[in-house]
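A short write-up of the structure that comes next.
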Amino acid sequence: MTVLEQAAARFPRIPLSHLPTPFEAMADLAAATGGPRLFVKRDDQTGLAFGGNKARKLEFILADMKARRFGSVITWAGTQSNWVRMCTAAAVRFGIKPILVLKLRPDQTREAADGNLLLDRILGAEVHLLGPDEDQPAAVERVAEAERARGRKPYLIAAGGSGTEWSMTEPLGAVAYALAFEELWGQAQEQGAPLTHLVLASGSGSTHAGIVVGAKAAAPEVEIIGVSTRASQAEGEANVLGLARKTVAAMDLDLEIEPGDVTVLDGYVGGGYGILYPAVVEAIATLARTEAIFLDPVYTGKAMTGFLDLIRKKRFAPDDAVCFLHTGGTPALFPYREEILEVIEGDATA
Ligand SMILES: *Cc1c(COP(=O)(O)O)cnc(C)c1O
(Lines give C-alpha, C1' and ligand atoms only; values in the text may rest on other atoms or scores of the structure.)
Protein backbone atom coordinates (compact mmCIF):
# COMPACT_ATOMS: atom_id res chain seq x y z
CA MET A 1 0.00 0.00 0.00
CA THR A 2 1.19 3.52 -0.75
CA VAL A 3 1.14 6.26 1.85
CA LEU A 4 -1.99 7.72 0.27
CA GLU A 5 -3.80 4.37 0.15
CA GLN A 6 -2.94 3.82 3.77
CA ALA A 7 -4.20 7.31 4.68
CA ALA A 8 -7.44 6.75 2.75
CA ALA A 9 -8.05 3.38 4.37
CA ARG A 10 -9.50 5.09 7.45
CA PHE A 11 -12.58 6.07 5.39
CA PRO A 12 -15.16 3.43 4.51
CA ARG A 13 -15.46 2.85 0.76
CA ILE A 14 -17.91 0.92 -1.42
CA PRO A 15 -16.72 -0.03 -4.94
CA LEU A 16 -18.95 1.64 -7.55
CA SER A 17 -16.58 2.43 -10.41
CA HIS A 18 -14.65 0.56 -13.07
CA LEU A 19 -11.07 1.22 -12.03
CA PRO A 20 -8.48 1.88 -13.20
CA THR A 21 -9.93 4.03 -15.96
CA PRO A 22 -7.88 4.13 -19.19
CA PHE A 23 -4.92 6.47 -19.62
CA GLU A 24 -4.37 7.05 -23.33
CA ALA A 25 -2.14 9.03 -25.68
CA MET A 26 -3.84 11.68 -27.82
CA ALA A 27 -1.39 11.55 -30.72
CA ASP A 28 -3.86 12.84 -33.30
CA LEU A 29 -4.77 15.87 -31.20
CA ALA A 30 -1.05 16.54 -30.63
CA ALA A 31 -0.41 16.35 -34.39
CA ALA A 32 -3.38 18.60 -35.16
CA THR A 33 -2.37 21.26 -32.65
CA GLY A 34 1.42 21.06 -32.91
CA GLY A 35 1.39 20.40 -29.20
CA PRO A 36 3.70 18.48 -26.90
CA ARG A 37 2.94 14.84 -25.96
CA LEU A 38 -0.73 14.77 -24.98
CA PHE A 39 -2.60 12.23 -22.87
CA VAL A 40 -6.10 11.80 -21.53
CA LYS A 41 -7.23 10.14 -18.31
CA ARG A 42 -10.64 8.68 -19.10
CA ASP A 43 -12.66 9.33 -15.96
CA ASP A 44 -15.64 9.70 -18.28
CA GLN A 45 -15.36 5.89 -18.34
CA THR A 46 -15.79 5.17 -14.61
CA GLY A 47 -19.04 3.33 -15.19
CA LEU A 48 -22.06 4.00 -12.95
CA ALA A 49 -24.87 5.42 -15.08
CA PHE A 50 -22.80 6.87 -17.96
CA GLY A 51 -19.70 7.63 -15.90
CA GLY A 52 -17.84 10.72 -14.74
CA ASN A 53 -15.76 11.99 -11.84
CA LYS A 54 -18.58 11.72 -9.28
CA ALA A 55 -18.34 7.91 -9.29
CA ARG A 56 -15.02 7.94 -7.43
CA LYS A 57 -16.31 10.49 -4.92
CA LEU A 58 -19.50 8.53 -4.33
CA GLU A 59 -17.56 5.41 -3.37
CA PHE A 60 -16.65 7.24 -0.16
CA ILE A 61 -19.78 9.37 0.22
CA LEU A 62 -22.18 6.43 -0.18
CA ALA A 63 -20.16 4.38 2.28
CA ASP A 64 -20.46 7.28 4.74
CA MET A 65 -24.25 7.40 4.20
CA LYS A 66 -24.53 3.64 4.71
CA ALA A 67 -22.33 3.63 7.80
CA ARG A 68 -24.41 6.37 9.37
CA ARG A 69 -27.67 4.66 8.43
CA PHE A 70 -29.33 7.32 6.31
CA GLY A 71 -32.49 6.09 4.58
CA SER A 72 -32.68 8.78 1.92
CA VAL A 73 -30.49 11.35 0.25
CA ILE A 74 -31.59 14.84 -0.71
CA THR A 75 -29.44 16.70 -3.20
CA TRP A 76 -29.99 19.83 -5.24
CA ALA A 77 -28.63 21.46 -8.39
CA GLY A 78 -29.73 22.45 -11.89
CA THR A 79 -31.63 20.01 -14.09
CA GLN A 80 -28.53 18.91 -16.03
CA SER A 81 -26.34 18.04 -13.06
CA ASN A 82 -24.01 15.08 -13.53
CA TRP A 83 -23.58 14.90 -9.78
CA VAL A 84 -27.33 14.47 -9.34
CA ARG A 85 -27.50 11.71 -11.97
CA MET A 86 -24.63 9.75 -10.45
CA CYS A 87 -25.68 10.33 -6.84
CA THR A 88 -29.13 9.03 -7.79
CA ALA A 89 -27.60 5.96 -9.45
CA ALA A 90 -25.38 5.24 -6.44
CA ALA A 91 -28.32 5.63 -4.05
CA VAL A 92 -30.39 3.22 -6.16
CA ARG A 93 -27.59 0.66 -6.01
CA PHE A 94 -27.66 0.71 -2.21
CA GLY A 95 -31.37 1.00 -1.52
CA ILE A 96 -31.23 4.62 -0.39
CA LYS A 97 -34.10 6.76 -1.62
CA PRO A 98 -32.93 9.58 -3.97
CA ILE A 99 -34.78 12.91 -3.63
CA LEU A 100 -33.84 15.74 -5.98
CA VAL A 101 -34.59 19.45 -5.74
CA LEU A 102 -33.71 20.82 -9.19
CA LYS A 103 -33.89 24.33 -10.48
CA LEU A 104 -34.89 25.08 -14.06
CA ARG A 105 -32.73 27.51 -16.04
CA PRO A 106 -34.25 30.92 -16.80
CA ASP A 107 -34.81 29.85 -20.42
CA GLN A 108 -36.60 26.64 -19.41
CA THR A 109 -40.26 27.49 -18.92
CA ARG A 110 -41.33 23.89 -18.60
CA GLU A 111 -39.73 20.67 -17.56
CA ALA A 112 -37.20 19.54 -20.15
CA ALA A 113 -36.81 15.83 -19.44
CA ASP A 114 -33.66 15.40 -21.47
CA GLY A 115 -30.04 14.46 -20.85
CA ASN A 116 -29.33 14.00 -17.16
CA LEU A 117 -32.88 14.78 -16.04
CA LEU A 118 -34.23 12.03 -18.29
CA LEU A 119 -31.79 9.60 -16.65
CA ASP A 120 -32.80 10.79 -13.14
CA ARG A 121 -36.42 10.06 -14.08
CA ILE A 122 -35.65 6.61 -15.44
CA LEU A 123 -33.70 5.83 -12.26
CA GLY A 124 -36.88 6.57 -10.33
CA ALA A 125 -35.78 9.57 -8.28
CA GLU A 126 -38.35 11.71 -6.48
CA VAL A 127 -37.96 14.97 -8.43
CA HIS A 128 -39.00 18.42 -7.21
CA LEU A 129 -38.65 20.97 -9.99
CA LEU A 130 -38.32 24.64 -9.07
CA GLY A 131 -38.79 27.67 -11.27
CA PRO A 132 -35.71 29.83 -11.88
CA ASP A 133 -36.77 32.35 -9.23
CA GLU A 134 -37.74 29.93 -6.49
CA ASP A 135 -35.71 29.72 -3.28
CA GLN A 136 -33.79 26.44 -3.52
CA PRO A 137 -32.46 26.25 0.09
CA ALA A 138 -35.99 26.86 1.39
CA ALA A 139 -37.37 24.14 -0.87
CA VAL A 140 -34.67 21.72 0.30
CA GLU A 141 -35.60 22.46 3.91
CA ARG A 142 -39.28 21.82 3.14
CA VAL A 143 -38.54 18.53 1.41
CA ALA A 144 -36.22 17.48 4.25
CA GLU A 145 -38.90 18.28 6.85
CA ALA A 146 -41.43 16.16 4.96
CA GLU A 147 -38.92 13.31 4.85
CA ARG A 148 -38.25 13.55 8.60
CA ALA A 149 -42.00 13.63 9.25
CA ARG A 150 -42.20 10.29 7.42
CA GLY A 151 -39.64 8.96 9.88
CA ARG A 152 -36.72 8.70 7.47
CA LYS A 153 -33.35 10.29 8.13
CA PRO A 154 -32.31 12.25 5.02
CA TYR A 155 -28.66 12.89 4.12
CA LEU A 156 -28.42 16.40 2.69
CA ILE A 157 -25.63 16.92 0.22
CA ALA A 158 -24.88 19.84 -2.09
CA ALA A 159 -24.12 19.34 -5.77
CA GLY A 160 -20.60 18.24 -6.58
CA GLY A 161 -20.01 16.23 -3.46
CA SER A 162 -17.26 18.60 -2.37
CA GLY A 163 -18.65 19.19 1.10
CA THR A 164 -18.44 22.95 0.83
CA GLU A 165 -21.98 23.51 1.99
CA TRP A 166 -24.22 22.40 4.80
CA SER A 167 -23.71 18.74 5.19
CA MET A 168 -20.36 17.02 4.92
CA THR A 169 -17.54 17.49 7.35
CA GLU A 170 -14.96 15.28 5.66
CA PRO A 171 -13.66 16.13 2.17
CA LEU A 172 -14.42 12.63 0.91
CA GLY A 173 -14.55 13.56 -2.77
CA ALA A 174 -11.05 14.98 -2.58
CA VAL A 175 -9.77 11.84 -0.82
CA ALA A 176 -11.01 9.87 -3.85
CA TYR A 177 -9.14 12.18 -6.25
CA ALA A 178 -5.90 12.07 -4.29
CA LEU A 179 -5.99 8.33 -4.99
CA ALA A 180 -6.97 8.96 -8.62
CA PHE A 181 -3.84 11.03 -9.12
CA GLU A 182 -1.73 8.16 -7.93
CA GLU A 183 -3.55 5.82 -10.30
CA LEU A 184 -2.90 8.01 -13.33
CA TRP A 185 0.68 8.76 -12.31
CA GLY A 186 1.40 5.04 -12.19
CA GLN A 187 -0.15 4.56 -15.65
CA ALA A 188 1.88 7.45 -17.07
CA GLN A 189 5.08 5.89 -15.70
CA GLU A 190 4.17 2.53 -17.24
CA GLN A 191 3.64 4.22 -20.60
CA GLY A 192 6.99 6.00 -20.40
CA ALA A 193 5.37 9.41 -20.09
CA PRO A 194 6.69 11.30 -17.09
CA LEU A 195 3.95 13.89 -16.80
CA THR A 196 4.84 17.55 -16.51
CA HIS A 197 1.30 19.02 -16.42
CA LEU A 198 -2.26 17.99 -15.75
CA VAL A 199 -5.24 20.10 -16.86
CA LEU A 200 -8.75 19.62 -15.48
CA ALA A 201 -12.11 21.35 -15.05
CA SER A 202 -12.47 22.97 -11.63
CA GLY A 203 -16.06 23.29 -10.40
CA SER A 204 -17.06 22.74 -6.78
CA GLY A 205 -13.36 22.01 -6.31
CA SER A 206 -12.86 18.63 -4.67
CA THR A 207 -11.61 16.90 -7.81
CA HIS A 208 -9.01 19.64 -8.22
CA ALA A 209 -8.17 19.68 -4.49
CA GLY A 210 -7.72 15.91 -4.41
CA ILE A 211 -5.49 15.96 -7.49
CA VAL A 212 -3.36 18.68 -5.87
CA VAL A 213 -2.97 16.58 -2.72
CA GLY A 214 -2.20 13.42 -4.71
CA ALA A 215 0.39 15.23 -6.83
CA LYS A 216 2.01 16.81 -3.80
CA ALA A 217 2.37 13.37 -2.26
CA ALA A 218 3.34 11.31 -5.32
CA ALA A 219 4.83 13.66 -7.92
CA PRO A 220 5.26 17.25 -6.74
CA GLU A 221 7.00 18.19 -10.01
CA VAL A 222 3.73 17.91 -11.94
CA GLU A 223 2.01 21.25 -12.46
CA ILE A 224 -1.76 21.09 -11.92
CA ILE A 225 -3.88 23.58 -13.88
CA GLY A 226 -7.57 23.96 -13.07
CA VAL A 227 -9.89 25.60 -15.59
CA SER A 228 -12.76 27.30 -13.80
CA THR A 229 -16.31 26.65 -14.94
CA ARG A 230 -17.87 29.24 -12.66
CA ALA A 231 -15.69 31.00 -10.07
CA SER A 232 -13.15 33.81 -10.47
CA GLN A 233 -9.49 32.90 -10.12
CA ALA A 234 -9.31 34.31 -6.57
CA GLU A 235 -12.48 32.51 -5.39
CA GLY A 236 -11.55 29.26 -7.10
CA GLU A 237 -8.00 29.20 -5.77
CA ALA A 238 -9.10 30.03 -2.22
CA ASN A 239 -11.74 27.29 -2.32
CA VAL A 240 -9.43 24.62 -3.74
CA LEU A 241 -6.60 25.57 -1.36
CA GLY A 242 -8.97 25.32 1.61
CA LEU A 243 -10.32 21.95 0.46
CA ALA A 244 -6.82 20.59 -0.21
CA ARG A 245 -5.63 21.59 3.26
CA LYS A 246 -8.75 20.08 4.81
CA THR A 247 -8.03 16.87 2.90
CA VAL A 248 -4.43 16.74 4.13
CA ALA A 249 -5.70 17.18 7.68
CA ALA A 250 -8.47 14.56 7.32
CA MET A 251 -6.01 12.05 5.84
CA ASP A 252 -3.41 12.99 8.43
CA LEU A 253 -0.72 13.41 5.76
CA ASP A 254 2.63 14.99 6.41
CA LEU A 255 2.28 17.57 3.61
CA GLU A 256 2.05 21.32 3.35
CA ILE A 257 -0.14 22.65 0.52
CA GLU A 258 1.06 26.11 -0.51
CA PRO A 259 -0.94 28.73 -2.41
CA GLY A 260 1.51 28.19 -5.30
CA ASP A 261 0.30 24.58 -5.63
CA VAL A 262 -3.15 25.76 -6.74
CA THR A 263 -3.76 27.37 -10.13
CA VAL A 264 -7.25 28.23 -11.35
CA LEU A 265 -7.65 29.93 -14.74
CA ASP A 266 -10.86 31.94 -15.04
CA GLY A 267 -10.54 33.09 -18.64
CA TYR A 268 -12.70 30.32 -20.13
CA VAL A 269 -15.91 30.68 -18.07
CA GLY A 270 -17.51 32.83 -20.79
CA GLY A 271 -20.97 34.16 -19.92
CA GLY A 272 -21.23 31.99 -16.81
CA TYR A 273 -21.74 28.49 -15.50
CA GLY A 274 -23.39 26.23 -18.07
CA ILE A 275 -23.44 28.93 -20.76
CA LEU A 276 -21.91 27.77 -24.04
CA TYR A 277 -19.93 29.96 -26.42
CA PRO A 278 -18.58 29.13 -29.89
CA ALA A 279 -14.98 28.31 -28.82
CA VAL A 280 -16.31 25.62 -26.48
CA VAL A 281 -18.28 24.00 -29.29
CA GLU A 282 -15.14 24.18 -31.46
CA ALA A 283 -13.14 22.48 -28.70
CA ILE A 284 -15.78 19.73 -28.35
CA ALA A 285 -15.72 19.23 -32.14
CA THR A 286 -11.91 19.25 -32.27
CA LEU A 287 -11.57 16.42 -29.76
CA ALA A 288 -14.38 14.44 -31.41
CA ARG A 289 -12.82 14.87 -34.87
CA THR A 290 -9.26 13.98 -33.84
CA GLU A 291 -9.63 11.40 -31.07
CA ALA A 292 -13.35 10.51 -31.40
CA ILE A 293 -13.81 11.39 -27.73
CA PHE A 294 -16.90 13.29 -26.60
CA LEU A 295 -16.66 16.13 -24.09
CA ASP A 296 -19.49 17.88 -22.27
CA PRO A 297 -20.69 21.47 -22.68
CA VAL A 298 -20.50 22.56 -19.03
CA TYR A 299 -17.13 21.32 -17.71
CA THR A 300 -14.80 19.42 -20.01
CA GLY A 301 -15.67 21.50 -23.08
CA LYS A 302 -14.51 24.61 -21.25
CA ALA A 303 -11.49 22.84 -19.79
CA MET A 304 -10.52 21.68 -23.30
CA THR A 305 -10.99 25.24 -24.59
CA GLY A 306 -8.37 26.27 -22.02
CA PHE A 307 -6.17 23.25 -22.81
CA LEU A 308 -6.11 24.09 -26.55
CA ASP A 309 -5.51 27.76 -25.83
CA LEU A 310 -2.53 26.94 -23.58
CA ILE A 311 -1.07 24.75 -26.36
CA ARG A 312 -1.61 27.56 -28.86
CA LYS A 313 0.07 30.07 -26.55
CA LYS A 314 3.10 27.76 -26.10
CA ARG A 315 2.55 27.39 -22.39
CA PHE A 316 4.07 23.88 -22.70
CA ALA A 317 7.56 23.01 -23.98
CA PRO A 318 7.84 20.59 -26.93
CA ASP A 319 9.09 17.74 -24.73
CA ASP A 320 6.46 18.19 -22.01
CA ALA A 321 3.93 15.43 -21.35
CA VAL A 322 0.53 16.94 -20.63
CA CYS A 323 -2.53 15.06 -19.40
CA PHE A 324 -6.15 16.17 -19.72
CA LEU A 325 -8.41 14.73 -17.02
CA HIS A 326 -11.73 13.88 -18.69
CA THR A 327 -14.28 14.15 -15.90
CA GLY A 328 -17.33 13.03 -17.91
CA GLY A 329 -20.65 14.86 -18.26
CA THR A 330 -21.52 13.74 -21.77
CA PRO A 331 -25.28 13.19 -21.17
CA ALA A 332 -25.57 17.00 -21.00
CA LEU A 333 -24.58 17.25 -24.67
CA PHE A 334 -28.11 16.41 -25.77
CA PRO A 335 -30.06 19.28 -24.17
CA TYR A 336 -27.52 21.66 -25.73
CA ARG A 337 -28.19 20.37 -29.25
CA GLU A 338 -29.46 23.67 -30.65
CA GLU A 339 -26.47 25.72 -29.52
CA ILE A 340 -24.03 23.04 -30.66
CA LEU A 341 -25.59 22.64 -34.10
CA GLU A 342 -25.67 26.38 -34.64
CA VAL A 343 -21.86 26.49 -34.46
CA ILE A 344 -21.16 23.18 -36.21
CA GLU A 345 -23.56 23.82 -39.08
CA GLY A 346 -22.23 27.36 -39.37
CA ASP A 347 -18.80 25.75 -39.89
CA ALA A 348 -20.10 23.38 -42.52
CA THR A 349 -21.68 26.12 -44.60
CA ALA A 350 -18.75 28.52 -44.22
C1 LIG B 1 -18.78 17.87 -11.31
C2 LIG B 1 -18.00 17.86 -12.56
C3 LIG B 1 -16.74 18.49 -12.63
C4 LIG B 1 -16.18 19.31 -11.52
O5 LIG B 1 -15.77 18.56 -10.42
P6 LIG B 1 -15.66 19.30 -9.02
O7 LIG B 1 -15.07 18.31 -8.13
O8 LIG B 1 -17.04 19.72 -8.64
O9 LIG B 1 -14.79 20.50 -9.22
C10 LIG B 1 -16.03 18.40 -13.80
N11 LIG B 1 -16.52 17.75 -14.87
C12 LIG B 1 -17.71 17.15 -14.85
C13 LIG B 1 -18.19 16.48 -16.07
C14 LIG B 1 -18.49 17.18 -13.69
O15 LIG B 1 -19.69 16.59 -13.69
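Being of a type in the set (D, E, K, R) and farther than 20 Å from N53 by Cα is a condition met by no residue of the range 166-180. Scanning the range 279-320 for residues that are exposed (fewer than 15 other Cβ atoms within 10 Å of the Cβ) and touching a Gly at 6+ places or on another chain (Cβ under 9 Å) yields R312, P318. Taking the listed residues A144, A158, A90, A77, the one that is away from the ligand (no atom under 16 Å from the Cβ) and surrounded by 15 or more Cβ atoms within 10 Å (Cβ to Cβ) is A144, with no other qualifying. Scanning the range 289-303 for residues that are part of a helix (DSSP H, G or I), away from the ligand (no atom under 11 Å from the Cβ) and touching a Leu at 6+ places or on another chain (Cβ under 9 Å) yields a count of 2. Identify all residues within the range 93-103 that are open to solvent by 20 Å² or more (accessible area, probe 1.4 Å) and either part of a loop (DSSP other than H, G, I, E, B) or touching a strand residue (DSSP E or B) at 6+ places or on another chain (Cβ under 7 Å) (or both); write none if there are none. F94, G95, K97, K103 - these are the residues of the range 93-103 that are open to solvent by 20 Å² or more (accessible area, probe 1.4 Å) and either part of a loop (DSSP other than H, G, I, E, B) or touching a strand residue (DSSP E or B) at 6+ places or on another chain (Cβ under 7 Å) (or both).
Okay, residues lined up against (1) on the phi > 0 side of the Ramachandran plot; (2) within 14 Å of the ligand (Cβ to nearest atom):
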residue: L243; (1), (2): no, yes
residue: T247; (1), (2): no, yes
residue: G267; (1), (2): no, no
residue: G306; (1), (2): no, yes
residue: G329; (1), (2): yes, yes
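Here R69 passes the criteria (1) at negative phi; (2) outside any helix (DSSP H, G or I); (3) over 17 Å from the mean Cα position of the chain (by Cα) except the one numbered (1). Of all residues in the range 172-195, those being out of contact with any Lys or Arg (no Cβ under 9 Å at 6 or more places or on another chain) and within 8 Å of the ligand (Cβ to nearest atom) number 0. Condition check for Y268 on (1) under 21 Å from the mean Cα position of the chain (by Cα); (2) touching a residue at least 60 places away in the same chain (Cβ under 8 Å); (3) assigned to a loop (DSSP other than H, G, I, E, B): one failure, at (2).
Filtered by the rule that a residue be within 11 Å of the ligand (Cβ to nearest atom) and closer than 26 Å to D135 by Cα, the range 46-74 gives a lone residue, K54. Here P106 meets each of (1) farther than 30 Å from E190 by Cβ; (2) modelled with pLDDT of 95 or more with one exception, condition (2). Considering the range 120-133, the residues that are at pLDDT 95 or above and charged (D, E, K, R) include one that is least open to solvent (accessible area, probe 1.4 Å), namely D120. The condition of being outside any helix (DSSP H, G or I), under 25 Å from V298 (Cα atoms) and more than 14 Å from the ligand (Cβ to nearest atom) does not hold for L198. Entry remark, the range 321-344: residues being among the polar types (S, T, N, Q) and either open to solvent by 40 Å² or more (accessible area, probe 1.4 Å) or without any contact (Cβ under 8 Å) to a residue 40 or more places away in the chain (or both) number 0 in total.
Of the residues making up the range 1-53, those that are crowded, with 16+ Cβ neighbours inside 10 Å and among the acidic types (D, E) are E24, D43, D44. Return yes when K153 is in contact with a Phe, Trp or Tyr (Cβ under 8 Å, 6 or more places away or on another chain), open to solvent by 50 Å² or more (accessible area, probe 1.4 Å) and away from the ligand (no atom under 16 Å from the Cβ) and no when it is not. Yes, satisfied. Residue count for the range 229-257 satisfying the condition of being open to solvent by less than 60 Å² (accessible area, probe 1.4 Å) and without any contact (Cβ under 8 Å) to a residue 60 or more places away in the chain: 10. Looking across A288, A283, A321, one residue alone is out of contact with any strand residue (DSSP E or B) (no Cβ under 6 Å at 6 or more places or on another chain), of a type in the set (G, A, S) and within 21 Å of P36 (Cβ to Cβ). It is A283. Return the residue satisfying two criteria in turn: it lies in the range 206-225 and is within 8 Å of the ligand (Cβ to nearest atom) and closer than 22 Å to A283 by Cβ, and of such residues it is surrounded by the most Cβ atoms within 10 Å (Cβ to Cβ). The selected residue is H208.
The values are calculated or read from the model by the stated rules, or taken from the named source; none is laboratory data. All figures in this text were calculated on a predicted structure; none of them were measured in a lab. Here the Cβ is made from the backbone with ideal geometry for all residues, glycine too, and neighbour counts use every protein chain on show. Just the protein is used for accessible areas: all its heavy atoms, side chains included, with ligands, DNA and RNA removed. Shrake-Rupley method; radii C 1.70, N 1.55, O 1.52, S 1.80 Å.
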